[in-house]
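As structure tokens, the structure follows; a few thoughts come after it.
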Amino acid sequence: MTDFRAAYLEELTNIAPDIDPDTVGDDEHIQDDLELDSMDVLNLVMALHKRFGVDIPEADYPRIATVALATRYLESHVAS
Amino acid sequence: MPSLGADMEAGKLVEWSVQPGDQVNRGDVVAVVETQKGAIEIEIFESGTVHELIAELGAELPVGAPLAVILAEGEAPPAEAPAAPEPVQEDMTAQSPADDITAPPPTPDIAPHAGAGPAASPAARVRAHELGLDLSAITGSGPGGVIVLADVEVAVPGPARPQARTGGTGSAVDEMRKAIAAAMTRSKQSIPHFYLSETIDVQPAMDYLAALNADRPPPERVLLGALFVRAATRAAAKIKVMNGHFTDGAFRPADRVNPGVAVALRGGGLVAPALMDAQDMTLDQTMSGMRDLVTRARAGRLRSSEMTQGTITISSLGETGAEAMTGVIFPPQVALVGIGAPHRRPWVVGDAVVPRHVVTLTLSADHRVSDGRQVARFISEFETLMSEPEAL
């Protein structure tokens, strides 16, 4: 089974290389806590789209805003 | 060594992208230079053949120092390669990196051998002028005897030299902080800023984008920031007194719009590379151009033209955060468009009060060039454009 948590963290740190994946808390918000801007978020969505073929509409952006949320989101959307 | 900003004194050559014998065309990247604002790709402003690479990799060179000799078609090589700055007709630095804008180069005297007195960096010239010092009386400590800012500060009689540079070996972030400090201090000391603000209903723009993006895969989605850049570009094309450079005591309007897009760098610092020729772009082209700029700004791969040929700056606080920002103009430009984060507020539409997303637009303008009436026209134009986003 795909490790969505690790995959998400990998794409996140590709976009923000200064982030140490080991220090990212499950509930840290990518914009409020990790300081991604709207262009970074779009790039993250693009990376996840490319990797998993998942089409994350804008309305769902809040559902990938933390590691915990994104892991659940990817598990349910990629599997189906 | 081209000047890549009003306060650049020197750069370190870190990469050659060409070899002697290579054919180069105007605009080709020929070298990479490390500056306080990161690594910048240097574009050639002459077409011809690379005759000789003069500068050594790793060398820290003052602005104006020759990097290479380029021969135009049919031109004979110089009898002897210039070891020190000499008037070489076709060397890369004989022309400013900004010479293909209608406005003349921001620092036309960057070549120290241009025949205009002793060799000195632009910052040194400006500071010497401010202090009323004669450059010919100052001994230069830069390579080839070029006068740098520190030399001018040292030459100030008496105790009044608070701005002497310490030239330490700070981190990249420290260096960028210094570059920002120098440019912004120069701006506030030399540009008589004034400001006009207006809160604008952006609900039509946000609704338009939500509908547009709903049918698009992630790579084709457009951000609100691209609409702002598009609207500011079109407003700048119309209100020409906001778009151009103030150099040598005069405003020179630009005939194209290269909006500098302020990009916050992770870890601190800010760059505002120009989106070249944005006036000819569609909204989608603007968006992909911005994505490319942000990516390269973060990776430290901007080009010399993008660092010097911005004609107006757009600084947007993004989706969340403060509702307004009053920005500092980036010299030699004459205006900055500051855009706060969208906030949901009670708003009067027709005769009803309804919740709407609004942003506060704040124009910083140079009073040497424009007055409130012209800036008000810019704001009005921007607001009109944002109210009809499908036409952007």
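The values are calculated or read from the model by the stated rules, or taken from the named source; none is laboratory data. What you see is a predicted model; the values in this text were computed from it and never measured. Counting neighbours? That spans all protein chains shown, and the Cβs are built from the backbone with ideal geometry, glycine included. These accessible areas exclude ligands, DNA and RNA; they are computed on the full protein's heavy atoms, side chains included. Shrake-Rupley method; radii C 1.70, N 1.55, O 1.52, S 1.80 Å.
With respect to B:Val241, is the statement that it is closer than 30 Å to B:Pro122 by Cα, part of a helix (DSSP H, G or I) and away from chain A (no Cβ under 11 Å) true?
Details: closer than 30 Å to B:Pro122 by Cα: yes; part of a helix (DSSP H, G or I): yes; away from chain A (no Cβ under 11 Å): yes.
The answer is yes for B:Val241.
Regarding segment B:223-237, can at least one residue be identified that is assigned to a helix (DSSP H, G or I) and within 30 Å of B:His129 (Cβ to Cβ)?
Scanning segment B:223-237, I find at least one residue that is assigned to a helix (DSSP H, G or I) and within 30 Å of B:His129 (Cβ to Cβ), so the answer is yes.
Please go through segment A:68-80 and give me each residue that is open to solvent by less than 60 Å² (accessible area, probe 1.4 Å) and modelled with pLDDT of 95 or more, ordered by number.
Within segment A:68-80, A:Ala68, A:Ala70, A:Thr71, A:Tyr73, A:Leu74 meet the criteria.
Within segment B:281-302, how many residues turn out to be within 16 Å of the chain's Cα centre (by Cα), within 9 Å of B:Ala226 (Cα to Cα) and open to solvent by 60 Å² or more (accessible area, probe 1.4 Å)?
Residues that pass the stated criteria total 0.
Please work out which residue is nearest to the other protein chains (Cβ to nearest Cβ), limiting yourself to segment A:55-67 and to residues that are open to solvent by less than 20 Å² (accessible area, probe 1.4 Å) and outside any loop (DSSP other than H, G, I, E, B).
A:Ile64
For segment A:14-45, name all the residues that are in a helix (DSSP H, G or I), exposed (fewer than 15 other Cβ atoms within 10 Å of the Cβ) and either of a type in the set (Ser, Thr, Tyr) or touching a Ser or Thr at 6+ places or on another chain (Cβ under 9 Å) (or both).
Correct list: A:Pro21, A:Thr23.
Within segment B:1-20, how many residues are open to solvent by less than 60 Å² (accessible area, probe 1.4 Å) and in a loop (DSSP other than H, G, I, E, B)?
Final tally of qualifying residues: 11.
Looking at segment B:295-314, which of its residues are part of a helix (DSSP H, G or I) and not small (Gly, Ala, Ser)?
Passing the criteria: B:Thr295, B:Arg296, B:Arg298, B:Glu306, B:Met307, B:Thr308.
Which pairs have Cβ atoms under 6 Å, sit 6 or more apart or on different chains, and link a residue in segment B:63-74 that is within 16 Å of B:Leu13 (Cβ to Cβ) to one that is modelled with pLDDT of 90 or more and open to solvent by 20 Å² or more (accessible area, probe 1.4 Å)?
Note: pairs meeting the criteria are B:Pro66/B:Ile54; B:Ala68/B:Leu53; B:Ala68/B:Ile54; B:Val69/B:His51; B:Val69/B:Glu52.
When you go through B:Phe246, B:Phe194, B:Phe251 one by one, which is the residue that is more than 12 Å from chain A (Cβ to nearest Cβ), in a strand (DSSP E or B) and buried (at least 19 other Cβ atoms within 10 Å of the Cβ)?
Unique residue meeting the criteria: B:Phe246.
Being surrounded by 24 or more Cβ atoms within 10 Å (Cβ to Cβ) and not hydrophobic (A, V, I, L, M, F, W, C) is the filter here, so list the residues in segment B:218-243 that pass it.
Answer for segment B:218-243, where residues must be surrounded by 24 or more Cβ atoms within 10 Å (Cβ to Cβ) and not hydrophobic (A, V, I, L, M, F, W, C): B:Arg230, B:Thr233, B:Asn243.
Which residue pairs have Cβ atoms closer than 6 Å, lie 6 or more positions apart in sequence or on different chains, and pair a first residue in segment A:11-32 that is within 14 Å of another protein chain (Cβ to nearest Cβ) with a second residue that is not hydrophobic (A, V, I, L, M, F, W, C)?
From segment A:11-32, the pairs are A:Thr13/A:Pro21; A:Ile15/A:Asp40; A:Ile15/A:Asn43; A:Ala16/B:Arg266; A:Asp18/B:Arg266; A:Asp18/B:Gly267; A:Ile19/A:Thr13; A:His29/A:Thr66.
Inspect all residues belonging to segment B:279-294 and state whether any of them is among the acidic types (Asp, Glu), within 14 Å of chain A (Cβ to nearest Cβ), within 28 Å of A:Asn14 (Cβ to Cβ) and assigned to a loop (DSSP other than H, G, I, E, B).
no
Looking for whichever is surrounded by 14 or more Cβ atoms within 10 Å (Cβ to Cβ) and not in a loop (DSSP other than H, G, I, E, B) here; the options are B:Glu41, B:Glu46. Which one fits?
Sole residue among the options that is surrounded by 14 or more Cβ atoms within 10 Å (Cβ to Cβ) and not in a loop (DSSP other than H, G, I, E, B): B:Glu41.
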